[in-house]
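Heads up: the structure comes next, in structure tokens.
The values are calculated or read from the model by the stated rules, or taken from the named source; none is laboratory data. The model shown is predicted, which means the values in this text are computed figures rather than measured ones. With ideal geometry, Cβ positions are generated from the backbone for all residues, glycine too; neighbour counts draw on all protein chains shown.
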Amino acid sequence: MKKFETNAIRTQSEKTENREHSVPLYLTSSFTFEDAEQMRAMFADEQEGNIYSRFSNPNSTEFVEKMCQMEGAEAGYATASGMSAIFASFMALLKSGDHILSASSIFGSTHTIITKFLPKWGIEHSYADMNKPETWEKLIQKNTKMIFVETPSNPGLDIIDLEWLGNLANKHNIILNVDNCFATPFIQQPIKYGAHLVTHSATKYIDGQGRVVGGIVLGKKELIKEIYTLCRSTGPALSPFNAWVLSKSLETLSIRMERHCQNAHKLAGLLENHPDVLQVRYPFLLSHPQFEIAKKQMSMGGGIVTFEIKGGIERGRKFLDALQMCSLTANLGDTRTIATHPASTTHAKLTEEERKEIGITPGMVRISVGLENIIDIISDIEQALEKSR
Ligand SMILES: *Cc1c(COP(=O)(O)O)cnc(C)c1O
């Protein structure tokens, strides 16, 4: 078994007769058969092979194979977005009368699926507090079929002990489904700690350059089979072009993540001593409430830093307006540094009380630290802090 970086580069779909070095783009909706017998056998699942790009395509297969090696997963299915990966994992494995236990600090759209849509199909839910793991076991019911978490969470950077959670899930025979978007498999591999499924928004660090939307769900063969069967008929497949881009991106994931983490760690350290900053959150800062757990399950601290600016909502907005280089955009995990102010944008529809419950304070700023020179990143943020006073 070769190392992480080598697999990310050397796993490649079989060369064609053209002996190309870099993998070609298979921009085709369907695949031809040698004869009627081959066509019959492939449709009957007696013979493996590509039939139609809603089911599989060489570019998405290559992307899935690389991701399986990186996460230590048996199987996977690539989807058109992170949300379709998460949604498919719910729809394939939960049925009317089931219950899902989810962390309350999760991505906004995941929250919407669990709260607004799952009840339409008779699937109940409870939310649990990432900062109070001792309350989780009591929230498990007879009909609990799945536990869903994000660690670190978006945007609060809460962290939960995956080893402890894996044991809890196995004790109660529950599927543990982990959104590993913020850490990426370079930094954290939830399956090692007992997760049965891992989902990703490939739009973020996996693409890493803000170009395409994509997702993937990975895990146990028998679970992925159910998810594949649902997706094959319902159609959230990743496009071959996006799969080609994402598989290429994985070749540089390790070096990109190293630099994202270095830059983010430096910025977090600096902000911690800044007079205009009330509080900084970064998994590898000693001041993070789950620092010990982060050190145990993550190899680096990740590329996201959040901080609480003095002066609340108004100051937060002024800070964004004063930035000269950092981008104001909804994405994260890009080469370009991105700043967002959740209270006045992504989470503006919640009440202040609701925001507080999921850890979003009025002055919270989230920085997705990019790959520009750290000196330029820091000086832009420092001048914006000053100008927003
Ligand atoms: C962005 C994001 C998603 C959704 O992914 P899309 O590719 O935008 O559909 C899910 N989870 C987390 C943690 C995210 O940051």
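What about residue 110, is it within 15 Å of the chain's Cα centre (by Cα), closer than 26 Å to residue 361 by Cβ and not in a strand (DSSP E or B)?
yes
If we scan region 142-149, do we find a residue that is farther than 15 Å from residue 100 by Cα and either outside the structural domain of residue 223 (by TED's automatic domain parsing) or charged (D, E, K, R) (or both)?
no
Please tell me if residue 249 is surrounded by fewer than 16 Cβ atoms within 10 Å (Cβ to Cβ) and either free of Cβ contacts under 8 Å to residues at least 40 places away in the same chain or hydroxyl-bearing (Ser, Thr, Tyr) (or both).
Values: surrounded by fewer than 16 Cβ atoms within 10 Å (Cβ to Cβ): no; either free of Cβ contacts under 8 Å to residues at least 40 places away in the same chain or hydroxyl-bearing (Ser, Thr, Tyr) (or both): yes.
When the stated conditions are applied, residue 249 does not pass them.
Restricting attention to region 201-215, and to residues there that are farther than 18 Å from residue 153 by Cβ and of a type in the set (D, E, K, R), which single residue is farthest from the ligand (Cβ to nearest atom)?
The selected residue is 211.
For residue 368, work out the one condition from (1) within 16 Å of the ligand (Cβ to nearest atom); (2) surrounded by fewer than 15 Cβ atoms within 10 Å (Cβ to Cβ) it doesn't fulfil.
It fails just one condition, (2).
Output the residues belonging to region 273-303 that are without any contact (Cβ under 8 Å) to a residue 40 or more places away in the chain and buried (at least 16 other Cβ atoms within 10 Å of the Cβ).
Those that are without any contact (Cβ under 8 Å) to a residue 40 or more places away in the chain and buried (at least 16 other Cβ atoms within 10 Å of the Cβ): 280, 284, 285, 291.
Which of (1) within 13 Å of the ligand (Cβ to nearest atom); (2) more than 27 Å from residue 88 (Cα to Cα) is the odd one out, the single condition residue 256 does not satisfy?
Going through (1) within 13 Å of the ligand (Cβ to nearest atom); (2) more than 27 Å from residue 88 (Cα to Cα) one by one, residue 256 breaks only (1).
Being surrounded by fewer than 21 Cβ atoms within 10 Å (Cβ to Cβ) and either away from the ligand (no atom under 16 Å from the Cβ) or outside the structural domain of residue 151 (by TED's automatic domain parsing) (or both) is the filter here; which residues of region 95-115 pass it?
Passing the criteria: 95, 96, 97, 98, 99.
Just name the residue that is nearest to residue 185 (Cα to Cα) out of those in region 3-33 that are surrounded by fewer than 10 Cβ atoms within 10 Å (Cβ to Cβ) and of a type in the set (Gly, Ala, Ser).
Across region 3-33, the extreme among qualifying residues is 22.
Would you say residue 182 is of a type in the set (A, V, I, L, M, F, W, C), within 16 Å of the ligand (Cβ to nearest atom) and under 17 Å from the mean Cα position of the chain (by Cα)?
yes
Mind checking which residues of region 280-317 are assigned to a loop (DSSP other than H, G, I, E, B) and not small (Gly, Ala, Ser)?
282, 283, 284, 285, 286, 288, 289, 290, 298, 300, 310
Please give the number of the condition residue 161 fails out of (1) farther than 30 Å from residue 241 by Cβ; (2) within 16 Å of the ligand (Cβ to nearest atom); (3) in contact (Cβ under 8 Å) with a residue 60 or more places away in the chain.
(2)
Those residues that are assigned to a loop (DSSP other than H, G, I, E, B), basic (Lys, Arg) and in contact (Cβ under 8 Å) with a residue 24 or more places away in the chain, I need them from region 318-353; list them, please.
336
Conditions: (1) out of contact with any Lys or Arg (no Cβ under 6 Å at 6 or more places or on another chain); (2) crowded, with 18+ Cβ neighbours inside 10 Å; (3) assigned by TED's automatic domain parsing to the domain that holds residue 61. Residue 265 meets all but one. Number of the miss?
(3)
Being in a helix (DSSP H, G or I) and not hydrophobic (A, V, I, L, M, F, W, C) is the filter here; which residues of region 57-83 pass it?
If the condition is that a residue be in a helix (DSSP H, G or I) and not hydrophobic (A, V, I, L, M, F, W, C), then 58, 59, 60, 61, 62, 65, 66, 69, 71, 82 are the ones that fit.
Is it the case that some residue within region 252-265 is over 27 Å from residue 128 (Cβ atoms), of a type in the set (Ser, Thr, Tyr), assigned to a helix (DSSP H, G or I) and under 17 Å from the mean Cα position of the chain (by Cα)?
yes
Test each condition in (1) in contact with a strand residue (DSSP E or B) (Cβ under 8 Å, 6 or more places away or on another chain); (2) in contact (Cβ under 8 Å) with a residue 60 or more places away in the chain for residue 169 and report the one that comes out false.
Against the list (1) in contact with a strand residue (DSSP E or B) (Cβ under 8 Å, 6 or more places away or on another chain); (2) in contact (Cβ under 8 Å) with a residue 60 or more places away in the chain, residue 169 comes up short only on (2).
If only one of 135, 144 is surrounded by fewer than 18 Cβ atoms within 10 Å (Cβ to Cβ) and among the β-branched types (Val, Ile, Thr), which one is it?
135 is the lone residue from the list that is surrounded by fewer than 18 Cβ atoms within 10 Å (Cβ to Cβ) and among the β-branched types (Val, Ile, Thr).
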